[in-house]
Amino acid sequence: MERPGTTRAVPPRTVAAPGAATVGAVAALLLLLLLLVVVRLPWAGDLGMHAATLQRLRHSLLDPGNPLVDADTPSPYYSPWTVLLGCVARVTGFSVFVVLRLGALVALGLLATGVWRYVRTLSARPAAPPLALLCLVLLWGTSQFGWSGFLGLTSLALTVSYPSVLALGLAFHLWAWLARAVRGSGERPAGWGVLAGLGVLWAVVLLVHQFSGIVASLGALAVVGAARAGWRVWGRLGVGLLVGAVVLWLWPYYDFYALLGAGDGMDAVHRSLYRDLFGRYWLVLLGVAALGRRWRRDRRDPLVLFFLLGAVVFAAGGVSGHWSWGRVLPAALIPAQVAVALEAVEPGRRAVRAGWACVLAAALAVGAWGQAGTLAYVVDREALPGAVAGKAPEPWPGYHWITPWVGYGDVVMARRLPARQIPAYGAYTVAPGYPDFFLRDEDTRAAAVRTYFARDTAAGTRRDIVREYGVRWVVDRGAGLRGAEGLRVVARGPGGQVLYAVAD
């Protein structure tokens with residue numbers, strides 16, 4: 001029984017930080033917006049590649065071949081996740097776009113719960129997880145930027161159905177499980193089975209999306225480095241690492257370790273990741289300041305270590321000209337974004353915490369405005385203010401209009417942009433619309449496409465290319481091939497495009 005005038009102490013975990021309910025409501029609205037994006041599934045970027053991957057798997061789970069061209073080659077897009085989705089498409093009969101939507105729902109759920117679990121290993125404050133989610137999605141810059149593996153709202157709106165979102169969701173879960181496994185490790189280290197399971201999870205992340213797997217690896221290294229683990233834990237972590245390496249080696253759909261030599265071929269594609277850094281990320285500088293405060297309190301803070309690892313690798317890529325290393329930038333962005341969320345809710349002097357909260361609220365508002373064009377993916381542009389509608393790129397129209405004539409497995413001659421979409425409907429193209437490390441004759445195929453569409457190419461040369469690659473259809477825009485020998489107009493599509501049938 002309590003004495004009069006006394007109060008019962010409330011455990012810190014049950015004390016809700018001011019504004020926790022409001023922050024949670026805003027985070028819920030943000031997730032709702034992304035759910036609406038899943039329903040619309042705007043087409044741009046790499047959606048065609050992932051849809052084509054499911055098309056091949058639904059027709060042949062064991063030997064799908066190249067997803068884009070008629071060739072029997074492996075592909076890194078055949079991951080545990082896409083194979084699972086291919087099974088769903090095969091069993092249910094759903095179209096690949098329906099299956100991609102279902103996959104997006106799962107990935108989004110894993111991402112939200114992964115962020116929540118990881119942030120809970122860093123803070124017990126109820127407002128920390130939803131505020132961290134807001135920072136991860138909105139605290140970027142004011143220049144439009146979208147790329148798979150990056151968690152900005154603009155990126156997520158276009159990549160929510162991509163494997164990279166699932167891989168990042170799994171990465172957050174990996175860090176959370178690992179943090180709990182190594183915490184207090186000097187007395188009660190995690191069992192062999194737990195760390196072996198974490199090794200398998202690490203391998204799955206790498207197989208699902210290789211670049212996000214590197215981010216996951218750096219984050220895991222930061223978690224272990226900050227834990228001051230004893231030698232017994234390091235030994236068991238080594239076993240977990242070995243288990244993961246074996247899983248990577250055993251994966252039957254492609255040689256994971258062969259991708260280690262693919263960096264040079266991918267550099268040109270990623271050069272733009274090193275442009276306009278301030279415009280894209282200047283709001284993250286607030287997170288860098290928060291990391292400085294954490295570093296003064298603890299020289300081995302996990303977020304600080306994570307940031308330093310990511311920043312060093314990113315900078316090394318810029319200095320050495322290995323532009324593909326720029327895909328590791330989320331390893332520097334994520335810890336900075338999480339750190340500023342924690343500074344705004346952690347115990348301390350009330351005036352300092354309030355100052356952080358006010359500055360962060362303003363930064364989030366600026367970041368939200370910079371990415372407000374995402375609304376155009378779920379609301380008709382005519383209903384939005386011009387300043388907002390103008391921020392969003394126009395989604396691609398797709399090539400469903402060719403499907404009444406072009407069947408599964410038919411080969412279509414098309415330029416690069418159509419080649420990024422046509423395989424999503426089951427057809428092949430002569431040259432892939434995306435770089436393909438395992439396709440040895442990629443350059444030859446690309447040259448054949450250029451030659452075919454060149455105005456001065458002789459009719460005989462075109463016939464030779466058609467026979468070489470088994471071309472049955474040609475898609476082109478404008479009047480470039482009008483009247484060409486051996487072509488018959490079959491259908492017309494948006495933007496002046498024409499589908500031609502190739503004479504037998």
**Prompt:** How much net charge surrounds TRP147 when only the other residues with a Cβ under 14 Å from the Cβ of TRP147 are counted, with Lys and Arg +1 and Asp and Glu -1?
**Reply:** +2
**Label-point separation, THR92 to ALA315 (7 Å along Cα→Cβ), nm** = 4.7 nm
**Prompt:** Could you give the alpha-carbon Rg of the chain over 2.2 N^0.38 Å, rounded to two decimals?
**Reply:** 1.08
**Cα-based shape type of segment 299-440, given that a ≥ b ≥ c are square roots of the gyration tensor eigenvalues and the cut on a/c is 1.5** = oblate
**Message:** Rg over Rh of segment 282-337, using C-alpha atoms and the Kirkwood radius, what does it come to?
**Reply:** 1.02
**Asked** Taking the alpha-carbon centroid of each part, what is the distance from segment 157-227 to segment 316-380 in angstrom?
**Response** 21 Å
**Asked** Helix-derived [θ] at 222 nm for the chain: sum -39500 (n - 2.57) over DSSP H runs of at least 4, divide by residue count, nearest 500?
**Response** -17500 deg cm²/dmol
**Fill in**
At q = 0.12, 0.24, 0.25 1/Å the base-10 log of I(q)/I(0) from the Debye formula over the alpha-carbon atoms of segment 49-138 is -0.51, -1.05, -1.12
**Request:** Compute the semi-axes of the equivalent ellipsoid of segment 411-465, taking the square root of 5 times each eigenvalue of the Cα gyration tensor, and list them largest first in whole Å.
**Result:** 20, 13, 9
**Message:** Tell me the volume per residue, in Å³, of the convex hull enclosing the alpha carbons of segment 385-498.
**Reply:** 136 Å³
**Prompt:** Once segment 31-94 is represented by equal point scatterers at the alpha-carbon sites, with solvent omitted, what log10 I(q)/I(0) does the Debye formula produce at q = 0.21, 0.24 Å⁻¹?
**Reply:** -0.87, -1.02
**With 5 Å bins from 0: P(r) over segment 329-391, alpha-carbon pairs, percent** = 4, 16, 17, 15, 14, 13, 12, 7, 3, 0
**Asked** Under a Cβ-Cβ cut-off of 13 Å, what is the net charge of the residues other than GLY86 that fall near it, where Lys and Arg count +1 and Asp and Glu count -1?
**Response** +2
**Prompt:** How much net charge surrounds TRP43 when only other residues with a Cβ under 14 Å from its Cβ are counted (Lys, Arg +1; Asp, Glu -1)?
**Reply:** +1
**Message:** Tell me the carbon and sulfur percent of the accessible area for segment 368-504, rounded to whole percent, probe radius 1.4 Å.
**Reply:** 51 percent
**Prompt:** How large, in percent, is the carbon and sulfur part of the accessible surface of segment 98-149 at a probe radius of 1.4 Å?
**Reply:** 68 percent
**Message:** Based on alpha-carbon centroids, what's the gap between segment 247-304 and segment 107-131 in Å, whole number please?
**Reply:** 20 Å
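The values are calculated or read from the model by the stated rules, or taken from the named source; none is laboratory data. Because the structure is predicted, anything quoted here is derived from the model rather than measured. Virtual Cβ from ideal backbone geometry, glycine too; neighbours counted across all protein chains shown. To get the accessible areas, we keep the full protein, side chains included, count just its heavy atoms, and leave off ligands, DNA and RNA. Shrake-Rupley method; radii C 1.70, N 1.55, O 1.52, S 1.80 Å.
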